[in-house]
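Read through the structure below, which is laid out as structure tokens, and then see the notes.
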Amino acid sequence: MAKKIIVLNGSPRPNGNTAGLIAAFTEGAKAAGHSVTEFRLQSMKIAPCIGCYQGGKDPASPCVQKDGMDTIYPAFVAADIVVFASPLYYWTISGQLKCALDRLFAVAESYPNYEIPKKDCALLMAAEGDGYAEVTMWYDNLMKYLDWTDIGKVLASGVVKVGDIAGKPILEDARKLGAGIA
């Protein structure tokens with residue numbers, strides 16, 4: 001059965017190494033018959049969460065702030081799979097991705113006990129080094145807390161400059177992750 005996949009792309013570079021991982025993943029997922037919608041967070045106006053606890057009143061537009069998240073909310077709710085994609089910044093995800101994730105709390109406010117809809121999730125990351133311990137611990141704990149299912153991580157090390165990822169075997173790992181979604 002075809003899955004609806006959204007990619008929350010937290011990279012500031014439109015054609016950077018994270019974009020290469022996303023492209024490979026998307027190629028695999030589409031070849032397997034799934035739909036993929038990517039949100040380039042850097043190009044969207046998304047304000048940070050203001051902690052008002054006033055969301056959830058309108059499930060179609062759950063946050064009191066009206067901005068780029070309004071295009072993400074319906075796709076997020078409909079999605080079977082959410083992909084977090086980001087460069088590694090100070091041993092965690094980018095601010096762009098963190099901001100969008102924080103704003104998804106408004107969706108949780110639409111449900112009893114703030115139970116955000118259950119999803120499958122994947123993590124795609126690119127970095128100069130291989131210091132992924134902190135971010136993977138955060139991601140694994142998030143999956144546990146949200147009761148989501150991790151379907152895989154692709155962590156590309158040794159990529160700094162735009163295009164460094166080209167030709168690297170890790171792109172095949174990303175493609176296989178997308179293609180392997182059942």
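Brief remarks on what is shown
- For the chain, size of Cβ-based charge dipole, Lys and Arg +1, Asp and Glu -1, in debye: 360 debye
- Note on Glu128 and Ala108: the model spin-label points, each 7 Å out from Cα along the C-beta direction, lie 3.3 nm apart.
- Relative contact order for the stretch 4-157: 27 percent, from Cα pairs under 8 Å spaced at least 6 residues apart, divided by residue count.
- Portion, in percent, of the accessible area of the stretch 54-182 that falls on carbon or sulfur, probe 1.4 Å: 57 percent
- Accessible surface calculations at 1.4 Å, restricted to protein heavy atoms, place the stretch 8-48 at 44 Å² per residue.
- Where labels lie 7 Å past Cα in the beta-carbon direction, separation of Gln42 and Lys30 in nm: 2.1 nm
- Rounded to the nearest 20 debye, the dipole size of the stretch 82-173 about its Cα centre is 180 debye, using +1 on the Cβ of Lys and Arg and -1 on the Cβ of Asp and Glu.
- Assigned charges on the beta-carbon of Lys, Arg, Asp, Glu; the stretch 56-106 dipole about Cα centre (debye): 120 debye
- The stretch 40-144: trypsin sites (Lys or Arg not before Pro) in DSSP coil with no more than 14 other Cβ atoms inside 10 Å: Lys45, Lys57, Lys66, Lys118
- Ser110 - accessible surface, heavy atoms, 1.4 Å probe, Å² rounded to 10: 40 Å²
- At 0.692 mPa s and 37 °C, Stokes D of the chain from Kirkwood alpha-carbon radius, µm² per second: 199 µm²/s
The values are calculated or read from the model by the stated rules, or taken from the named source; none is laboratory data. As the structure is a computational prediction, the values presented were derived from the model and not from experiment. A quick note on method: Cβ atoms are made from the backbone with ideal geometry, for glycine too, and the neighbour counts reach across all protein chains shown. Surface areas here come from the heavy atoms of the whole protein model, side chains and all, with no ligands, DNA or RNA. Shrake-Rupley method; radii C 1.70, N 1.55, O 1.52, S 1.80 Å.
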